[in-house]
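S.K.: Just passing along the structure, written as structure tokens.
The values are calculated or read from the model by the stated rules, or taken from the named source; none is laboratory data. Predicted, not measured: the structure shown is a model, and the values here were computed from it. Heads up, the Cβs are rebuilt from the backbone with ideal geometry, glycines too, and the neighbour counts pull from every protein chain shown. Ligands, DNA and RNA are excluded from the accessible area calculation, which covers all protein heavy atoms including side chains. Shrake-Rupley method; radii C 1.70, N 1.55, O 1.52, S 1.80 Å.
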Amino acid sequence: MKVSYNWLKEHLPLELSATELAGHLLKIGFEVAGHERLGPTFTGVVVGKVVSKDKHPNADKLSVCVVDDGAVKRTVVCGAPNVDAGQTVAYARPGAVLPGGFKIEGRKLRGVESQGMICSRSELGLPKDVDGIWIMGEGPALGADVGSLLGPADDILEVEVTTNRPDCLSHRGLARELAAYFRKELKPLGGGMMESAKTSFPVTVEDPEACPFYGGRLIEGVAVGESPAWLKAKLEAIGLRPINSVVDITNFVLHDIGQPLHAFDADKLAGAKIVVRRSKAGEKLLALDHRVYDLPAGLLVIADGEKPVALAGVMGGEDSAVTTATKRIILEGAFFNPVEARKSSQKTRLRSDSSYRFERGTDPAAPRAAADRAAALILQIAGGAAAKPFEVAARIPARTPIRASVAKINGVLGSDFTDLAVMQALGAIGSINGNGVEFTYTAPSWRHDLLTANDLAEETGRFLGYDNIPYRMAPMAARAARLTPVETESRRVRTRLAGLGLWEAYNYDLVSEKTLLACRLTAEGQPRVAQPLSEDWAVMRSSLLPGLLKNAQHNLSRGADSVRFFEVGKSYSIRGKEVDETWRVAGILLGPVLDARWQTARAPRASFYDGKAIVEDLLEKAGPVAWAKPSEPAAGKTPSDPLFHPTNSLRATVNGTPVATVGWLHPRVARAYDLEREGAIVLDANLDWLAGREIPPARYEEFSALPVSRRDLALVLDKGAPDARLRDVIRACMVPELQDTVLFDVYEGKGVPEGKISLAIRLTFGRFDRTLTDAEVSAAVEKIVAALAKELGASLRG
């Protein structure tokens, strides 16, 4: 917020320099982000009068003028299109110095001697109002120093006001804070006027909770025109552009005391009435920023007898705006519920100085006083007669007193402030009753942030000085942080996957509907963000894989040979009326397995078995894992299923619960991300389930120091027989000497009957007390082959 130091001193007498004031503001929680010195930075510029104007003999766009500065008349060549005889102008005499060190000297311009320069406002370093020279108007005496006429220099401070302190978004609000800090009295606020007994417009408030107070005042016979110099100077000093006298007054009051106001042209209000109501579907508003806004149903609007004329607390409409032709105005001063103002601003994406204050919470007691002050200024500047105000007021709940004690406040701050110091500090900003042992404090209407004794402790620290609190190390007992099961499992998973050569990715939990569509997912039934920053972040993700696919596409498009990514995060769904969050881990593999420096002409690329090995590593000690195709009923369903290839994928289940899926990326999704040539392997696992499983403690098992015996078998069996079933049959043979079973080859083709498949397995036998004989190993192998033949119809390939 821009603050004029001269303006601030109109509310509070201060003797400090602007730099010193900035230091004190920082102590009470208001950082000064910028400091600009305003004032004349030129010399030798006086008031002059254009006596005559003639066309330049050698240039079509130049004029030869004679300027009288009260002492002498000089010839000046001027190129401004708006210069004319009889004008009072800012004249830079020969020898004058303009901003930037530019010195004015006499010289010839296209053959004509020019003695000085007729200046524009921008050439003098002042805010620009029109194109061309500065026409000063009647009043200033010829020869008067222009710098002196502009008034005293000013300091403009850029003050950072936190969101919980909307009461300080004005000059008087900040002065009020400084008055409490310096223990000074604020200057009284003017605003009295004469009122007629004439009745005003009828007003109806349909939702008192959204608009607890609505007040207005009819002022007739106004002459809207240009604002006086003092008013324009104040607005320009803080970066506002003057518009007309009435609009400038409402802007002045906003930045003076912090209460937004609005003025309607009363003759443009249909039905001669005002209704504060909800917008209806299909209604539009042509706002003061010259844009048409489609109003969703349910927004709070100010309407006349036919249509909305303002979006309550945000911006007025152009159709009812005050112009120089306006003769009758309605001056509005209201208090709107902050939630309503913020909702309207968010829904329409319309921001204004008014909405910035209303949505943070204005003072419910301020509208009446602000409207009185503005009405008095309008009568003073634009003339007219004011009718009695019309108001609709609902009951605003009284502030609940806060019970506290000096001991409590000192305990929160770690201070030892006296009872008197604390009571005086808090009494400067509110009403306090009681003594230091126990007291009740009632916050003023503009301090919405004071609710508890801790808030009062903060106020005490600000006004008595945090640097006056003794520095003491607080007693602390070191305690080891305890991780949740999910945090513990996340660390294990990250360590294992990083060890397997995967890189961790981090993506947003929000995705777009377009992304979900590309991944064959749907946004229907997914949690949505009520007010997304953009459509790219509108839906909560149901799977981690879309983000990893985008990561893969990004890296490949920038020259990466391969991708090995994983992510640990949350997926979201709606269960009943609640949003359900599930921790998951997902990964993607594609491209060569080895580094490019070690690749041969036929270097192996990431395959299904690489992904399956990773999943098996994650499911270590998870219990008996069964594998099934996702399309089978026993596999169950997961949110990521549409991203997997319908036939070249497997689901791992434990006791009937789906815990992980691995397989090729669905061809349609691969095409959407330009990955169809790469052969992407994707995997997805339920981290919540992994964190919740019981892991048996590690136990030492004796191993044999004696040699083992191995037998390789090539078995021919039905093509659909699962590997897990093969292992179950072997395990059921109960051969105590069998130590390990490994599947090391799969073959089908020449030499294998159609509909059959050849599986090569390696059986490892051994004992702890002696070496097995060939006869013992052969007997065990025969037992296993017989069981496989009986249960699975398997035969040895010969």
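S.K.: Of M1, M734, which has the most accessible area with a 1.4 Å probe, and how do the rest follow in descending order? Present the calculation step by step, with values, prior to reporting the outcome.
M.R.: Numbers: M1 40, M734 145 Å².
My answer, sorted largest first, is M734, M1.
S.K.: Greater than 30 Å separation of Cα atoms is the criterion. Which listed pairs, K2/K307; K184/K234; K108/K128; K9/K273; K187/K327; K128/K347, meet it? Present the calculation step by step, with values, prior to reporting the outcome.
M.R.: On the way: K2/K307 36 Å; K184/K234 24 Å; K108/K128 28 Å; K9/K273 40 Å; K187/K327 34 Å; K128/K347 35 Å.
Over 30 Å Cα-Cα: K2/K307; K9/K273; K187/K327; K128/K347.
S.K.: Another question about this same structure. For E632 and R403, FRET efficiency with R0 = 56 Å and r from the beta-carbon atoms, rounded to 0.05? Write down the numbers at each step before the final one.
M.R.: Numbers: r = 66 Å, r/R0 = 1.18.
According to the calculation, E is roughly 0.25.
S.K.: Between rounded, prolate and oblate, where does region 649-787 land on the alpha carbon gyration tensor, with a ≥ b ≥ c its root eigenvalues, rounded for a/c under 1.5, else prolate if a/b exceeds b/c?
M.R.: Details: a/c = 2.58, a/b = 1.46, b/c = 1.77.
Because a/c hits 1.5 or more and a/b fails to exceed b/c, region 649-787 counts as oblate.
S.K.: Here's a follow-up. Between N82 and R575, what is 0.36 nm times their sequence separation minus the Cα-Cα distance? Round to one decimal in nm.
M.R.: Values: separation 493, 0.36 × 493 = 177.48 nm, distance 7.09 nm.
Here the answer is 170.4 nm.
S.K.: Shifting gears a bit: Suppose R0 equals 30 Å. What FRET efficiency, 1/(1 + (r/R0)^6) with r the Cβ-Cβ distance, do L16 and S445 give to the nearest 0.05? Walk me through the numbers on the way to the answer.
M.R.: Working: r = 29 Å, r/R0 = 0.96.
It comes out at approximately 0.55.
S.K.: In vacuo Debye scattering of region 208-303, one point per C-alpha: log10 I(q)/I(0) at q = 0.14 Å⁻¹?
M.R.: Debye intensities relative to I(0), on a log10 scale: -0.71.
S.K.: Considering only protein heavy atoms and a probe of 1.4 Å, how much of the accessible area of region 676-743 is carbon and sulfur, as a whole percent? All intermediate terms of the calculation are to be shown ahead of the outcome.
M.R.: Numbers: 2190 of 4350 Å².
The computed percentage sits at 50.
S.K.: Ignoring everything except DSSP H segments at least 4 long, calculate the 222 nm mean residue ellipticity for the chain; use -39,500 (n - 2.57) per segment, divide by total residues, nearest 500. Provide the component values of the computation, followed by the final result.
M.R.: Details: 20 runs with 200 residues, N = 798.
Estimated from H runs of four or more residues: -7500 deg cm²/dmol.
S.K.: Would you mind pulling out the separation of the Cα centroids of region 126-178 and region 525-597, in Å?
M.R.: Here the answer is 53 Å between Cα centres.
S.K.: Could I ask something else about it? Calculate how steeply helix 485-499 sits against the longest principal axis of the alpha-carbon atoms of the chain, using the helix alpha-carbon long axis, and give the answer as 0 to 90 degrees to the nearest 10.
M.R.: Relative to the chain, helix 485-499 is tipped by roughly 70 degrees.
S.K.: Can you tell me how much longer the chain between D467 and D740 gets when fully stretched, taken as 0.36 nm per residue apart minus their C-alpha distance, in nm with one decimal?
M.R.: Details: separation 273, 0.36 × 273 = 98.28 nm, distance 7.25 nm.
That pair, D467 and D740, stretches by 91.0 nm at full extension.
S.K.: So with the 1.4 Å probe, I'd like the accessible area per residue for the chain, rounded to whole Å².
M.R.: Details: 40920 Å² over 798 residues.
Solvent-accessible surface per residue comes out at 51 Å².
S.K.: Percentage of Cα-Cα pair distances in region 284-371 greater than 14 Å, rounded to whole percent? Provide the component values of the computation, followed by the final result.
M.R.: Numbers: 2447 of 3828 pairs.
Of all Cα-Cα pairs in region 284-371, 64 percent lie more than 14 Å apart.
S.K.: Largest first, what is the accessible-area ranking of E10, E206, E138 with a 1.4 Å probe? If you can, show how the numbers build up before the last one.
M.R.: Details: E10 95, E206 120, E138 150 Å².
Result, largest first: E138, E206, E10.
S.K.: Can you give me the angle between helix 245-257 and the longest principal axis of the chain, using Cα atoms only, in degrees from 0 to 90, rounded to the nearest 10?
M.R.: Relative to the chain, helix 245-257 is tipped by roughly 60 degrees.
S.K.: Same structure, new question: Can you work out the Karplus-derived ³J(HN,Hα) for every residue in region 20-32? Use 6.51 cos²θ - 1.76 cosθ + 1.60 with θ = phi - 60°, whole Hz, and x for glycine or proline.
M.R.: After applying 6.51 cos²θ - 1.76 cosθ + 1.60, I find 5, 4, 4, x, 5, 4, 5, 5, 9, x, 10, 6, 9 Hz.
S.K.: Something else about it: Which value in nm describes the separation of the simple spin-label points at E776 and R496, placed 7 Å from the Cα toward the beta carbon?
M.R.: 3.5
S.K.: Return the carbon/sulfur percentage of the accessible area of region 67-111, one whole number, probe 1.4 Å, all protein chains in place.
M.R.: Details: 1060 of 2310 Å².
Carbon and sulfur together cover 46 percent of it.
S.K.: Rounded to the nearest angstrom and ordered from largest down, what semi-axes does the equivalent ellipsoid of region 26-133 get from its C-alpha gyration tensor (root of 5λ)? Could you put the intermediate results ahead of the total?
M.R.: On the way: eigenvalues 226, 40, 33 Å².
That gives 34, 14, 13 Å for the three semi-axes.
S.K.: Let me make sure I get this right: for region 5-53, a, b and c are the square roots of the gyration tensor eigenvalues over alpha carbons, sorted descending. Under 1.5 in a/c it's rounded, otherwise prolate if a/b > b/c, else oblate. Which is it?
M.R.: Details: a/c = 4.06, a/b = 2.92, b/c = 1.39.
Prolate, because a/c is 1.5 or more and a/b exceeds b/c.
S.K.: Answer with a single label: of (1) 76, 39, 24; (2) 79, 36, 29; (3) 46, 38, 33, which was calculated as semi-axes √(5λ) of the Cα gyration tensor in Å from the structure in view?
M.R.: So the structure-derived entry is (2).
S.K.: In whole angstrom, note down how far apart the Cα centers of region 243-319 and region 731-763 are.
M.R.: If we compute the Cα centre of each part, the gap is 82 Å.
S.K.: For R37 and A453, what does the FRET efficiency come to when R0 = 41 Å and r is the distance between their Cβ atoms, rounded to the nearest 0.05?
M.R.: Values: r = 43 Å, r/R0 = 1.04.
My answer for the efficiency is 0.45.
S.K.: Roll a 1.4 angstrom probe over the protein heavy atoms and tell me the percent of accessible area of region 404-447 that is carbon or sulfur. Present the calculation step by step, with values, prior to reporting the outcome.
M.R.: Working: 1070 of 1940 Å².
Of all accessible area on region 404-447, carbon and sulfur atoms account for 55 percent.
S.K.: If the chain between L150 and E620 were fully stretched, how many nm would it gain, using 0.36 nm times the residue separation less the Cα-Cα distance?
M.R.: Values: separation 470, 0.36 × 470 = 169.20 nm, distance 8.20 nm.
Full extension from L150 to E620 adds 161.0 nm.
S.K.: Also, I was wondering about something else. Going by alpha carbons, how many degrees (0 to 90, nearest 10) lie between the helix axis of 608-618 and the longest principal axis of the chain?
M.R.: In the chain, helix 608-618 runs at an angle near 80 degrees to the longest axis.
S.K.: Just to confirm the filter: which chymotrypsin sites (Phe, Trp or Tyr not before Pro) across region 672-778 are DSSP coil and have at most 13 other Cβ within 10 angstrom of their Cβ? Kindly include the intermediate steps, with their values, before the conclusion.
M.R.: On the way: sites: Y673, W689, Y700, F703, F744, Y747, F765, F768; in loops: Y673, Y700, F703, F768.
The qualifying sites are Y700, F703, F768.
S.K.: I would also like to ask the following. Principal axes first, then extents: for the Cα atoms of region 149-251, list largest minus smallest coordinate on each axis, whole Å, largest first.
M.R.: 44, 40, 25
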